[in-house]
Amino acid sequence: MAHDLADFLGDVGPLVFYLAVWGLVFAGTALFVGVFIPFITGDSLLFGAGILTGTNPELSIWVLAIGVGVAAVLGDQVGFWLGRRLGRPYLTRRGGRWVQAGVKRAERFYELFGWWSVVISRYIPWGRVFIPPIAGISAMSYWRFLSANIVGALSWGVLITVIGYFAAVDPGVRPVAYIVAGVVILASLVAGIRAWVLDRRARRTLPE
């Protein structure tokens, strides 16, 4: 990913590079692109962009990271608005069986974690796409969603981008940066597994 981004930057320059990264982050949730290409709109993109910023003096990590955070917030807000405006049919029309399985999993995740599901889902590829419209469909209040969205989107967008930057610029910090990145990924896996376990337990308690 970092090599591809470097080639792209050499062709288009810093401004278009920023806009492309921000646009992919926004489209990942607002336009459902993250369902089909999660690695190009998620953690790998941010980490690679951070690494490239650390090796290119024309780029600013603060411009990149803050822009990523804003794009992530706006993308989730669009997903939330579409869910509230169009209702459950908006998700029903989204694709085949595997997409609908992801929708059902996200619905259960939202039921289990509520406000925290919006925060945690930012670190889970399928969650960051499905949770915002599900929160809108479930009539979560606008300000409640916005607060969770800001916490999740900014922590995810800024954190992973900055980790990639420090992995490139400081050899002494590089091992720590990779460890933190690993912890973030592991936390995403744990959150998904915990949701699956709680869902299985809840299903067992349902009457036959």
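If you count, for each residue, the other Cβ atoms within 10 Å and average over each peptide, how do 42-52, 61-71 line up from highest to lowest?
Packing order, densest peptide first, comes out as 42-52, 61-71.
Debye-formula intensities of the range 56-140, expressed as log10 I(q)/I(0) at q = 0.15, 0.16, 0.21 Å⁻¹, are -0.56, -0.62, -0.92 (one equal scatterer per alpha-carbon, no solvent).
Over the range 68-158, calculate the relative contact order: mean separation of alpha carbon pairs under 8 Å at least 6 apart, over the residue count, as a percent. Numbers along the way, then the final one.
Values: 107 pairs, mean separation 43.4, N = 91.
Once normalised by length, the contact order is 48 percent.
Each value in this text was obtained by applying a stated rule to the coordinates, not by laboratory testing. As the structure is a computational prediction, the values presented were derived from the model and not from experiment. Here Cβ is always computed from backbone atoms with ideal geometry, including for glycine, and neighbour counts include all displayed protein chains.
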